[in-house]
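Shown next, in structure tokens, is the structure this report addresses.
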Amino acid sequence: MSHSGGTRAIVAALLANLGIAVTKFIAYLLTNSSSMLAESVHSLADTGNQVLLLIGGKRARRAASETHQFGYGRARYVYGFIVSIILFTLGGLFALYEAWHKWEDPHPIDSWQWVPIVVLLAAVAMESFSFRTAIREANHVRGSQTWTQYIRGAKAPELPVVLLEDAGALIGLVFALVGVSMTLITGDGRWDALGSAAIGVLLVVIAIVLAIEMNSLLLGESASPEQGRAIEAALVGPGVASVIHLRTLHLGPDEILVAAKVEVEHTGTAAEIARAIDDAEARVRAVVPLKATIYLEPDLRRGTGPRPSGDQTSVRGDQA
């Protein structure tokens, strides 16, 4: 994913959620609806989350330092994890608390009854625009992957975060519409409480999914299986007979570390081996569309058994 594409989706979501949060809160003040308050806090949390993603992207572009010699690319994962915490606490748990409070003391919406419906429908329109932007940006890099595969396999956190937030926001708006509508129809405020509870459960689930994905990225994930196979194939060439073993690690969404032990000819001179290593590094950089830091150790293959596969990449960071 190009970072500019992710930034466009973040900015679109930020503007939409800021406008939605203001209108929802005004509707809450007029109606005292729990669903409207839960949705207001939800949109406010999403707005703050988009700001955090922008800050994370900026901090990740800092130059490497003596302390962080591989750079700051993983800052984007750190801020993505903070987003999941905010979504869980400020969004999900608050909505559940408000649902419990309203269930204990239910009351109908007896003033400005039409305001919540109008505001929620307008919010659906604005949130749909943000979701459409995120989908269009994701489609540029998703390829033939399903949406689940894309979200689980993406190394750049911004678009998956925005996609999950926007999808959750649209579903939450439906819950709020049902809760408010049933409260207006029946005069029973417990429907409003149920709408708030549904929003809370939804946000907690999304937050947990985000936390699991960000935790995996923070721990360090290898290259995708396709990239791992491409790297291994590229390493083999004149002067490099095979790959003894290979390890890869994402230093950030757009940066990868490649460390490998490669088999060289035992009759080669030091100059020939150095040239073969340089050529292998050039081939890897030619096939990997990422900034690559490469460390290759020349060695001789010992024993007569079958050559082990150098493809050590796996999904979600599992190591062989």
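The values are calculated or read from the model by the stated rules, or taken from the named source; none is laboratory data. This structure is a prediction, so every number in the text was calculated from the model and none was measured. We place every Cβ from the backbone using ideal geometry, glycine too, and count neighbours over all the protein chains shown.
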Next on the checklist: Here's a check for you: in region 259-306, which residue that is in a loop (DSSP other than H, G, I, E, B) and hydroxyl-bearing (Ser, Thr, Tyr) is modelled with the lowest pLDDT?
Outcome noted: 304
Item to check | Residues of region 265-285 satisfying the condition of being within 15 Å of residue 238 (Cβ to Cβ) and among the aliphatic types (A, V, I, L, M) | outcome: 271, 273, 274, 276, 277, 280, 282, 284
Checklist entry - Is it fair to say residue 144 is in the same structural domain as residue 36 (by TED's automatic domain parsing), outside any helix (DSSP H, G or I) and either surrounded by fewer than 18 Cβ atoms within 10 Å (Cβ to Cβ) or at positive phi (or both)? => result yes
Checklist entry - Can we say residue 171 is closer than 19 Å to residue 93 by Cα and surrounded by fewer than 17 Cβ atoms within 10 Å (Cβ to Cβ)? => result yes
Item to check | Residue under evaluation residue 158, criteria (1) surrounded by fewer than 21 Cβ atoms within 10 Å (Cβ to Cβ); (2) within 24 Å of the chain's Cα centre (by Cα); (3) at pLDDT below 90, criterion not met | outcome: (1)
Item to check | Test result for residue 81, in contact (Cβ under 8 Å) with a residue 60 or more places away in the chain and surrounded by 15 or more Cβ atoms within 10 Å (Cβ to Cβ) | outcome: yes
Item to check | Out of 238, 225, 253, sole residue that is buried (at least 21 other Cβ atoms within 10 Å of the Cβ) and touching a residue at least 40 places away in the same chain (Cβ under 8 Å) | outcome: 253
Checklist entry - Any idea how many residues of region 16-33 are polar (S, T, N, Q) and closer than 12 Å to residue 127 by Cβ? => result 2
Checklist outcome for this item: Counting only residues that are surrounded by fewer than 20 Cβ atoms within 10 Å (Cβ to Cβ) and either aliphatic (A, V, I, L, M) or under 13 Å from the mean Cα position of the chain (by Cα) (or both), region 84-111 contains a total of 5
Checklist entry - Just one of 20, 10, 26, 55 is modelled with pLDDT of 90 or more and aliphatic (A, V, I, L, M); which is it? => result 55
